[in-house]
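Here the structure comes first, spelled out in structure tokens, and everything after it is commentary.
The values are calculated or read from the model by the stated rules, or taken from the named source; none is laboratory data. Because the structure is predicted, anything quoted here is derived from the model rather than measured. Quick reminder, even Gly has a Cβ in these numbers, built from the backbone with ideal geometry, and neighbours come from all protein chains shown.
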Amino acid sequence: MNLEDVKKELSSDEKLLAQAFQLEKFYKKHKIKILTTLAVIIIVVIGLNLKDYIHQKNLEAANSALLTLQKDPSNKEALNTLKSKNPKLYALYEYSINANGANLKGLEDIKTTDAFLQDVIKYHQNVIKRTPGDSLYYNNLAVVEKAYMLIKEGKKDEAKELLSTVPSNSPVFPVARLLKHLTIK
């Protein structure tokens with residue numbers, strides 16, 4: 001080793017020591033901010049994990065309640081658990097029971113904020129009442145039903161025009177095509 005190498009080595013050690021002192025000075029100056037930031041991060045991580053854990057437990061309880069209700073629909077405890085743990089699944093369960101039983105009053109009593117479920121409930125209420133209705137999700141089927149009602153009323157031209165709005169890729173297109181044949185004079 002020559003003298004120049006020793007100077008470089010001492011110089012790099014001094015720089016490292018100077019950086020350590022600067023880091024220590026920075027830490028002392030901002031100690032409270034650093035510890036507060038770390039504490040907030042830890043609390044947020046714990047809070048998010050706890051929230052996810054509670055959400056998962058609620059889903060498991062709701063699913064268990066739904067399985068119980070499928071075996072025993074009269075189980076009030078399972079019904080209350082489903083209602084409290086997962087209100088959306090409860091509304092879907094209520095819809096299923098009332099739609100299958102053609103229970104118009106039961107369908108009207110379902111409280112939900114889900115747009116899809118509201119639309120399907122409204123559609124099934126119209127089906128039970130045997131009246132045509134509008135539906136965002138059953139649109140083509142609703143058009144066919146309206147056209148059928150128009151044909152029954154003798155308004156074949158209106159029905160034919162309405163049936164022509166059903167796209168050819170719709171599952172109800174063959175039914176619409178058959179109904180168009182009924183409009184031929």
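Do we find that T112 is closer than 25 Å to P87 by Cα and either of a type in the set (D, E) or surrounded by fewer than 18 Cβ atoms within 10 Å (Cβ to Cβ) (or both) in this structure? Talk me through it step by step, then tell me what you get.
Details: closer than 25 Å to P87 by Cα: yes; either of a type in the set (D, E) or surrounded by fewer than 18 Cβ atoms within 10 Å (Cβ to Cβ) (or both): yes.
So T112 fits the description; yes.
Quick check on segment 5-61: of everything there that is among the basic types (K, R) and over 29 Å from the mean Cα position of the chain (by Cα), which residue is modelled with the highest pLDDT?
In this case the residue turns out to be K33.
What number of residues in segment 107-163 are outside any helix (DSSP H, G or I) and among the hydrophobic types (A, V, I, L, M, F, W, C)? Break it down into steps so the answer makes sense when it comes.
From segment 107-163, those outside any helix (DSSP H, G or I) are 110-114, 130-138, 153-155; that's our starting set.
Subsequent filtering for residues that are among the hydrophobic types (A, V, I, L, M, F, W, C) retains 110, 136.
The qualifying residues number 2.
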